[in-house]
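J.: First, the structure itself, so that you have it in front of you.
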Amino acid sequence: MKINNKLKHRIGLCRDYLLGKEEVSFPPIELIVEATNRCNLNCIMCPREKIKSAPEDIKLPLFRKIVGEASNFLELIDFSFRGEPLMNQNIFEMISYAKSKGIKTYMSTNANLLDKDASMRLLYSGLDLLEISLDAFSEETYTKIRRNGDFNKVINNLEVLLHEKQKIKNNLFVEIGFVPLLENYSQMDNFMSHWKNNPSINAARIKPFSTRAGLISNPLYNDNIPYKTGFSRNRCVRLWRSLSICSDGTVLPCCYDFSGNYKLGDLKHQTIKEIWNGKALIGLRKQHAGLTSVPLELCSRCELLRISTTKQSLTFLCSGLNLRKMLARFDKFYRLNKKIKRKEI
Ligand code: SF4
């Protein structure tokens with residue numbers, strides 16, 4: 001899509017969002033497309049036990065159908081949702097296919113399966129941004145958090161990836177992530193000083209902990225997300241910006257709906273445009289735009305609704321990919337940790 005058209009598209013979505021229009025005049029600019037809902041780890045901060053659907057990788061024909069429908073308007077596909085994308089053998093082909101249609105791509109991985117072959121295939125697939133979720137500075141802490149994971153293997157995989165990236169002069173943006181938890185809080189400083197000055201890494205991020213709309217908690221944080229039973233002044237920007245697609249084609253409002261309770265449609269039988277302005281999503285936007293109530297239990301616990309509508313609308317200023325890169329660069333200054341409220345432990 002040309003820059004002018006992209007800008008027009010985003011301005012249109014932003015206007016509809018600010019006006020609280022239930023039927024949106026432009027299609028979504030981002031899709032989360034779950035490469036798989038399977039995972040090789042069992043991390044303590046992942047609400048995987050809430051998943052109700054059968055273990056499944058997205059099928060290539062379904063993925064191609066989605067990209068075929070969206071290539072004229074989509075800016076970004078994020079392949080991460082409830083599983084480890086590298087568990088899907090077709091992930092490299094899917095990234096290349098999306099890239100061939102002019103769509104940017106993003107993926108988050110635990111990097112346990114990122115051996116040399118996977119690294120090379122990722123680098124040549126044209127992936128734009130890779131986030132490696134590390135969350136620890138020692139093997140002991142890593143093993144406590146990322147159960148079934150192998151810290152030394154991940155570090156080795158990362159080194160190989162960075163070496164190959166440099167060798168072939170590939171411009172994949174590599175970000176290393178750390179979410180502070182009770183289990184790793186004491187390692188945050190070491191983590192940042194070790195990784196933030198590594199010239200091969202584009203960004204080392206201390207990422208804010210998310211309860212994922214109340215699905216999880218961690219004792220490091222005050223339980224400061226109140227359960228609002230009725231009212232929110234703010235509306236969720238995601239309902240005017242993106243869709244989350246499960247590996248079986250089910251469409252959900254966002255990636256916090258782990259259980260798939262709020263089904264908006266099914267891309268095996270419907271189109272993106274039908275679902276985008278379909279009855280279910282229009283109803284949800286109506287609740288958010290109405291300033292009277294947010295009856296869905298899912299949304300009533302969500303951190304996003306603590307951010308004002310005006311602030312959320314600023315996300316339309318740039319693409320989701322650039323937004324991630326900007327946040328990552330900002331985090332290099334290492335300010336987020338100062339905002340973490342610790343409970344007396
Ligand atoms: S408010 Fe939160 S839970 Fe509700 S749709 Fe938005 S991101 Fe999802």
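The values are calculated or read from the model by the stated rules, or taken from the named source; none is laboratory data. In this text the structure is predicted, and so the values were computed from the model without any measurement. Please note: Cβ atoms are built from the backbone with ideal geometry, for glycine as well, and neighbour counts cover all protein chains shown.
J.: Between LYS144, LYS165, which is touching a residue at least 60 places away in the same chain (Cβ under 8 Å) and either outside any loop (DSSP other than H, G, I, E, B) or in contact with a helix residue (DSSP H, G or I) (Cβ under 8 Å, 6 or more places away or on another chain) (or both)? So that I can check it myself, show each step before the final result.
T.: On the way: LYS165 fails: touching a residue at least 60 places away in the same chain (Cβ under 8 Å).
Checking each option against the conditions leaves just LYS144.
J.: If you scan segment 278-289, which residues turn out to be away from the ligand (no atom under 14 Å from the Cβ) and either of a type in the set (Gly, Ala, Ser) or within 19 Å of SER71 (Cβ to Cβ) (or both)?
T.: Matches in segment 278-289: GLY278 only.
J.: For segment 95-112, name all the residues that are over 28 Å from ARG147 (Cβ atoms), of a type outside the set (D, E, K, R) and assigned to a loop (DSSP other than H, G, I, E, B).
T.: GLY102, ILE103
To keep it simple, each residue is scored yes or no on (1) touching a Gly at 6+ places or on another chain (Cβ under 9 Å); (2) within 30 Å of PHE151 (Cα to Cα); (3) modelled with pLDDT of 95 or more.
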position	(1), (2), (3)
ASN4	no, no, no
ILE29	yes, no, yes
ALA54	no, yes, yes
LEU74	yes, no, yes
ILE77	no, yes, yes
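J.: Could I ask something else about it? Could you grab me the full set of residues in segment 263-277 that are over 21 Å from LEU19 (Cα atoms) and either within 8 Å of the ligand (Cβ to nearest atom) or surrounded by fewer than 18 Cβ atoms within 10 Å (Cβ to Cβ) (or both)?
T.: Residues of segment 263-277 over 21 Å from LEU19 (Cα atoms): 263-272, 274.
Correct list: LYS263, ASP266, LYS268, HIS269, GLN270, THR271, GLU274.
J.: Shifting gears a bit: Please find, among SER259, SER247, the residue that is in a loop (DSSP other than H, G, I, E, B), buried (at least 23 other Cβ atoms within 10 Å of the Cβ) and either of a type outside the set (S, T, N, Q) or in contact (Cβ under 8 Å) with a residue 60 or more places away in the chain (or both). I'd like the intermediate steps shown before the answer.
T.: Working: SER259 fails: buried (at least 23 other Cβ atoms within 10 Å of the Cβ).
Selected residue: SER247, the only one of SER259, SER247 that is in a loop (DSSP other than H, G, I, E, B), buried (at least 23 other Cβ atoms within 10 Å of the Cβ) and either of a type outside the set (S, T, N, Q) or in contact (Cβ under 8 Å) with a residue 60 or more places away in the chain (or both).
J.: What tally of residues in segment 263-314 results from selecting those that are part of a loop (DSSP other than H, G, I, E, B) and under 16 Å from PRO27 (Cα atoms)? Quick ask: steps written out before the conclusion?
T.: First pass over segment 263-314, keeping only residues part of a loop (DSSP other than H, G, I, E, B): 263-264, 267-271, 277-278, 290-296, 301-302, 307-308.
Retained after the next criterion (residues that are under 16 Å from PRO27 (Cα atoms)): 264, 267, 270-271, 277-278.
Residues that pass the stated criteria total 6.
J.: Here's something else I'd like to know. GLU297 fails exactly one of the following numbered conditions: (1) near the ligand (Cβ under 10 Å from one of its atoms); (2) of a type in the set (D, E, K, R); (3) in contact with a strand residue (DSSP E or B) (Cβ under 9 Å, 6 or more places away or on another chain). What is the number of that condition?
T.: Of everything listed in (1) near the ligand (Cβ under 10 Å from one of its atoms); (2) of a type in the set (D, E, K, R); (3) in contact with a strand residue (DSSP E or B) (Cβ under 9 Å, 6 or more places away or on another chain), GLU297 misses just condition (3).
J.: For GLU49, work out the one condition from (1) modelled with pLDDT under 95; (2) in contact with a Gly (Cβ under 9 Å, 6 or more places away or on another chain) it doesn't fulfil.
T.: (2)
J.: Output the number of the condition that GLU23 fails; it satisfies all remaining conditions of (1) of a type in the set (Asp, Glu); (2) modelled with pLDDT of 95 or more; (3) not in a loop (DSSP other than H, G, I, E, B).
T.: Result: GLU23 fails condition (3) only.
J.: Out of the residues in segment 306-326 that are among the aliphatic types (A, V, I, L, M) and at pLDDT 85 or above, state the one that is farthest from the ligand (Cβ to nearest atom).
T.: Once the filter is applied, the top-ranked residue is LEU317.
J.: List, please: which pairs have Cβ atoms under 9 Å, are six or more places apart or on different chains, and start with a residue in segment 198-215 that is closer than 17 Å to PHE258 by Cα and among the acidic types (Asp, Glu) and end with one that is within 16 Å of the ligand (Cβ to nearest atom) and part of a loop (DSSP other than H, G, I, E, B)?
T.: Between residues of segment 198-215 that are closer than 17 Å to PHE258 by Cα and among the acidic types (Asp, Glu) and residues that are within 16 Å of the ligand (Cβ to nearest atom) and part of a loop (DSSP other than H, G, I, E, B), there is no close pair.
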